[in-house]
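S.K.: Structure below; questions to follow.
Values in this text are rule-based calculations from the coordinates and carry no lab data. Every value quoted in this text rests on a predicted model; they were computed, and no experiment measured them.
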Amino acid sequence: MTLLSTAQHLARDTRRDPRSHMILIMVAVTIAAGAIALVAYLLWPTWVARPASAPGRLPVSVGATLFNVPTSAIRRKIQRHSGPQERVDLSFVFPSLEPPDAPKHVSADTVEEKAQPIDRIFVSISAHHDALAPDMRVRTIYPRYLEQKATPIDDALTMRAFRDGSPYANEDLFSATSPSLNARCSRDGQTPGMCLSERRVDGADLTFRFPRSWLSQWRDVANAMERLTAQMRGPRG
């Protein structure tokens, strides 16, 4: 009411003094600007746009077999997408089996001369296209090239060396049944020996790689491979 009375008063003054119409215009503009500012303040969005983050796990199909893999465990950026793929390469920290942290930038000033121990188990999932299954290779192919003598490592793990001149020269086959383990391992030389263990899941083969030195705790390694297989295996149809 006070505002209306003031406007009416200014209107009467305008008729008496033509210059006073400028005052009326300024008052109207001020009121309008205040109203617009109030409406803009009330309607202005309060959310803040943030970049979309990658999902924790990705459903991928390899050899028409579904796997759910941790996004941060995928080693190659080009493979970080869902859907059909021919191959996926991953790595996990051992023994936690968590995805590794993002790699740190290393310069000539910060690199350490001493080689760091390998603390990761590497996994490749690839379509097998009806190739010979890993367990069949252990039973039918490897025995052709193995020495007859088996060396017991402990009460359950045994080692058989591949013959010199064979396709697997300078490698050894380690086997156990409880828990199940078949690993073909290179021997220590200028670089530490590495082991390869394979298993088939429907249309895909899983290839695990880990240091030969881990065989001192081979049960933990065998159980870790079993756990990773179960964790990544998608729901069966």
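S.K.: Viscosity 0.890 mPa s, temperature 25 °C: give me the Stokes-Einstein translational D for the stretch 113-237 in µm²/s, with Rh taken as the Kirkwood radius over C-alpha pairs.
M.R.: 157
S.K.: Here's another thing I want to ask about it. What does the convex hull of the alpha-carbon atoms of the stretch 116-169 project to on average, in nm²?
M.R.: Values: hull surface 25.5 nm².
Across all orientations, the stretch 116-169 yields a mean hull projection of 6.4 nm².
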